[in-house]
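Okay, so here's the structure we're looking at.
The values are calculated or read from the model by the stated rules, or taken from the named source; none is laboratory data. A quick note: this is a predicted structure, and the numbers were derived from the prediction, not measured. Using ideal geometry, Cβ is built from the backbone for each residue, glycine included, and neighbour counts are taken over all protein chains shown. Quick note on the areas: whole protein, heavy atoms, side chains included, nothing else; ligands and nucleic acids left out. Shrake-Rupley method; radii C 1.70, N 1.55, O 1.52, S 1.80 Å.
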Amino acid sequence: MIRRNTQANMIRILFLCTGNSCRSQMAEGWLKHLRPDDFEVYSAGIEAHGLNPYAVQVMAEASIDISQQLSQTVDQLPERQFEYVITVCDHANEVCPVFPAKTKFIHHSFEDPPKLAANASNEEEALSCYRKVCEDIKQFVQEIDSALI
């Protein structure tokens, strides 16, 4: 397991998605929650669509508050120096912006909760779609050491 105990030695990770509204936000929340001493975590999108309220709700169900995280574009980030950029959707992987040469890229596509929930007949059915993706992201984050190259 990667362990870095001082702020200066923390590994900087960016989770990147299309709209920075759901999957990247959940990934940021999970990694901050599970490994706060090892990683400096950010999320951003190719565009900024605002926080998805269902993503906020399912993360709150897991006792993680992402309601104060910002939906932002890569250009709005205070810093663009990351050891890792992890794209969490295919579109972001295809149109990923340029980062410094030393940045390592990882792609792990997660299903899009809004698309999964598009045909839901009620709110509970929609939320179950978000919960599934939330659990998939949690699993990935719990095993992140094996993904880092």
Taking segment 113-136 on its own, how many of its residues are polar (S, T, N, Q) and assigned to a helix (DSSP H, G or I)?
1
Qualifying residues in segment 87-113 (those that are polar (S, T, N, Q) and modelled with pLDDT under 95) - the one most open to solvent (accessible area, probe 1.4 Å)
Asn93
When both residues are 6+ apart or on different chains and their Cβ atoms are under 7 Å apart, which pairs have a first residue that lies in segment 116-144 and is touching a residue at least 40 places away in the same chain (Cβ under 8 Å), and a second that is surrounded by 14 or more Cβ atoms within 10 Å (Cβ to Cβ) and of a type in the set (Lys, Arg)?
Val133/Arg23; Ile137/Arg23
Show me the helices (runs of 4 or more DSSP H) entirely contained within segment 1-112 in which 2 or more residues are closer than 23 Å to Leu148 by Cβ, of a type in the set (D, E, K, R) and free of Cβ contacts under 8 Å to residues at least 40 places away in the same chain.
90-94
Picking from Gln72, Gln68, Gln81, the residue that is surrounded by fewer than 13 Cβ atoms within 10 Å (Cβ to Cβ) and under 16 Å from the mean Cα position of the chain (by Cα) would be Gln68
All-but-one check, Gln142 against (1) over 14 Å from the mean Cα position of the chain (by Cα); (2) of a type outside the set (Ser, Thr, Tyr); (3) under 16 Å from Met59 (Cα atoms); (4) open to solvent by 80 Å² or more (accessible area, probe 1.4 Å), failing number (1)
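Out of Ser24, Ser63, report the one residue that is under 25 Å from Cys129 (Cβ atoms) and crowded, with 19+ Cβ neighbours inside 10 Å.
Ser24
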For segment 37-60, what are the residues that are within 18 Å of Asn93 (Cβ to Cβ) and either buried (at least 19 other Cβ atoms within 10 Å of the Cβ) or of a type in the set (Phe, Trp, Tyr) (or both)?
Tyr42, Ser43, Ala44, Gly45, Ile46
Of everything in segment 37-60, what is farther than 21 Å from Tyr130 by Cα and charged (D, E, K, R)? Give them in sequence order.
Asp37, Asp38, Glu40
Condition met for Ala117 (surrounded by 13 or more Cβ atoms within 10 Å (Cβ to Cβ), modelled with pLDDT of 95 or more and out of contact with any helix residue (DSSP H, G or I) (no Cβ under 6 Å at 6 or more places or on another chain))
no
